[in-house]
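The values are calculated or read from the model by the stated rules, or taken from the named source; none is laboratory data. This one's a predicted model, so the numbers in the text were calculated from it and none came from an experiment. Here the Cβ positions follow ideal geometry from the backbone for every residue, glycine too, while neighbour counts run over all protein chains shown. Side chains are part of the model used for accessible areas, which takes the heavy atoms of the whole protein and leaves out ligands, DNA and RNA. Shrake-Rupley method; radii C 1.70, N 1.55, O 1.52, S 1.80 Å.
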Amino acid sequence: MNFSIAHPKCLYALLALVPYIVYMVSRYAKILKTLGREKALNKNFSVLTRYRTSFLIRTFLRVLAWTMIVGAMSGISWGTSFVPVQKSGRAVSMVFDISYSMEADDGPGGMTRMQAASEYAKMLLDKIGNTSVSVVLAKGDGVVAVPQTEDRESVLSILDALSPRLMTSRGTSLGKGIEAAIMAFPSQSSQASCIWVFTDGEETDSSLSGALMSAVKFGIPVVIVGFGTDRETSVLAGDMETEVKTALRADTVLDAIENVKKKTLTQSGSRLMPELAFVDSSELGSANKVISSLKKNADVNPNALGEEFDDEATVVYELQSVDRHNLFILLALVFIVLSFVFGELNFTGYRSVIKKARAAAVASCVILLTGCSPHTLHDGIKILEGRMDWNRENYQDAVGNFLEVDESAEQRGDTSIQQYALYGLATTYLMQNENDFAKKRYEEITPDAPDVIKFSVLYNMGILAHRNGDYKAAVDYFKQALLVKSSDVNAKINLELSLKEYESHSGGDGTQKDSSQKNQNTDTSSVMENAMYSIIRENEQNQWKNQQQKPDGSALDY
């Protein structure tokens, strides 16, 4: 069921129902006392009956309405679904099992499993271009040895020093290593993350399945690379006296992966989940299978990974709880309306009740849903959610909502709603300093978009051009924006600033000034640039108002 409450303290608001009920009961008693004095009641008891029924229904519905409002405020959620999140760039966390079982010498050419894992990882590093890398050591616990970095030398230095003696924790906990790898990725990172685990599959705390589930929730693919053979080999345990048997436990790893896939499918009802895979390092082409976890589409050649590929956008799917905020708000509105329908109108019988309730329901549907298809209504709600996420600076969720609307509208051919989704995507990228992606989305918006979108696109394109030092283009964009909305003061100010920047970087006739002239204008340009960005920030605000576990070293160490 995956039931959760984001803000449980809000549930204290339900205590407000106590004084309300006390007040309504006292009021009910006073009115009954007044009505009892009327002789008319002796002739027509239906008045008292109608009032009692009306009072009870109205009070009950309003109690329900307040309960729904409190439910919305407390952030109640249940169920899970995969949410699309667009990423740019790549990040890998390498998890190395450094338990004593990895010192078995059944690796290629008589190497130990740990030596083989080190050489294997070095080979992968040569193939993944500009991908940032972190290193996690897993034994009885998980420790980040090298945080996310693009410095290959720091990664290579730890690979050359891999040894069980680097950690004093006892046991083998692959799960804690994966959990530490998840935490090694910066929160709200725009990079697509991936975890590679180098191990023989031996574990003593059975934590692998839980850690894999955590990775799925964050949309992080996990590839487990196996080292050793399925023939048992003798190694010394941590006390250097006890001899134990060890082998590549591929079946154990595969069972854990399959269990997580089944559980995820049961909870979400969707197969849109990050990749979970086991690869035997001794298989031909195993390295390409590992690297394929970084690629965008299944038809991309892994050998093509390089600087240009690393910069491509990627859509990953994160497993998130389904927020029921909208459902509670809708139910609250329904109960409030019904409280007036059943509480304020004077009914003369059940047929009249049904008839008037039906009329009220039809009228509400006509007002709310006229001209709106279910798809359009759903997309409108998603755009509203995206804007609310934008206001909270939760840009990943905002991108997910806008991206979902963009794909849905494109499939239906609804260009009108797609323009709003594209604008939301572009502006969110702009706030994340993803200028290239922002510009690309702005350019996808059609010229016949509504004026409010057209103006904002031209205005923000002017901002992007100014950021890139293309002041002439910035001038052109701000001029076009003013043609759409001539009264906008910020566009006029930015136009003047861009004109001055353009003149200060040119010789008046469009030619570039020499370096001495540039240096003379450095201070002035800096002042104007700071002024313009202050205006940009102010305009954006006005326009949008806008991961550990306690180490458990109780397991035996081998």
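Quick notes on this structure:
- Label-point separation, S209 to H7 (7 Å along Cα→Cβ), nm: 3.6 nm
- For the residue pairs K454/K492; K382/K492; K122/K439, alpha carbon separations beyond 28 Å are given by K382/K492; K122/K439.
- Solvent-accessible area of segment 184-270 (1.4 angstrom probe, protein heavy atoms only): carbon and sulfur portion equals 46 percent.
- Full extension of the chain between N130 and K245 yields a length gain of 37.4 nm, computed as 0.36 nm times the residue separation minus the alpha carbon distance.
- ³J(HN,Hα), Karplus 6.51/-1.76/1.60, whole Hz, each residue of segment 457-469, x for Gly, Pro: 5, 5, 4, 6, 5, x, 4, 5, 4, 5, 4, 7, x
- Here the calculated FRET efficiency for L56 and Q411, from their Cβ-Cβ distance with R0 = 60 Å, stands at 0.75, rounded to the nearest 0.05.
- Counting only DSSP beta bridges whose two residues both lie in segment 145-256, roughly 45 percent are antiparallel.
- Segment 129-271 shape via C-alpha gyration tensor axes, a/c threshold 1.5: oblate
- Label-to-label distance, nm, for residues given as E443 and T149 (7 Å Cα→Cβ offset): 3.7 nm
- Counting only protein heavy atoms and a 1.4 Å probe, segment 168-242 has 35 square angstrom of accessible area per residue.
- The trypsin sites (Lys or Arg not before Pro) of segment 386-423 that DSSP puts in a loop, and whose beta carbon has at most 15 other beta carbons within 10 Å, are R392.
- Gain on full stretching of the segment that runs from S286 to L499 - 0.36 nm per residue minus C-alpha separation: 70.9 nm
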